[in-house]
Amino acid sequence: MQKTIFRQRIIDEALSWVGTPYQHQCSTKNAGCDCLGLVRGIWRKLYGPEPVTLPPYTPDWAEVGGEETLRDASDHYLDPIELTMARPGDVLLFRMQAGVPAKHMAVLIEPDLIVHAYWGRAVTRSFLAPYWVRRRAYAYSFPNIET
């Protein structure tokens, strides 16, 4: 039986990564991570070891492969929810361009704030500004969440 996780623990853990430098394919707090590495790090802190080992991936994996790899993996390990139902502590996936698979993810920490890592930036808090709202593609909750 998996343990119950409270939303505030997810938010607190996401915020503890703020300032971690961006590093493609990494997932180490204060040393380096990408957007997926941030969510992986939160998972490890709250649930324990990651359920699978990720294969290497290139920065342009979504454009080259054309498959919804990030969505499919999220469907398997997280609980899909409607975008309109996303609450603080949930994970949002974004399409960086129309017609391409989702390839960016963030943790919603307030109704209008996200924590995420993206190229050229350390893990940061950002407003869920129209730029990001337009790019939202999917939303997920971590498993076994309580308010």
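We did not get these values from a lab; they are worked out from the coordinates using the rules stated. Because the structure is predicted, anything quoted here is derived from the model rather than measured. Ideal geometry is used to build each Cβ from the backbone, glycine not excepted, and the neighbour counts take in all protein chains shown.
A few points about this structure:
- Contact order for the range 5-146, expressed relative to its length and based on alpha carbon pairs under 8 Å spaced 6+ residues apart, stands at 30 percent.
- Among Gly37, Gly65, Gly89, the largest mean-square fluctuation in a Gaussian network model of the chain, built with springs joining Cα atoms closer than 10 Å, belongs to Gly65.
- Size descriptors for the chain: radius of gyration and Dmax over Cα atoms are 14.0, 40 Å.
- Residue order for Val18, Val39, fewest other beta carbons within 10 angstrom first, comes to Val18, Val39.
- The range 71-140: trypsin sites (Lys or Arg not before Pro) in DSSP loop, at most 11 other beta carbons within 10 Å: Arg121
- Relative exposure of Thr28, Thr53, judged by other C-beta atoms within 10 Å (fewest first): Thr53, Thr28
- Sequence of Ile109, Ile5, Ile10 once ranked by neighbouring C-beta atoms within 10 Å, starting from the fewest: Ile5, Ile109, Ile10
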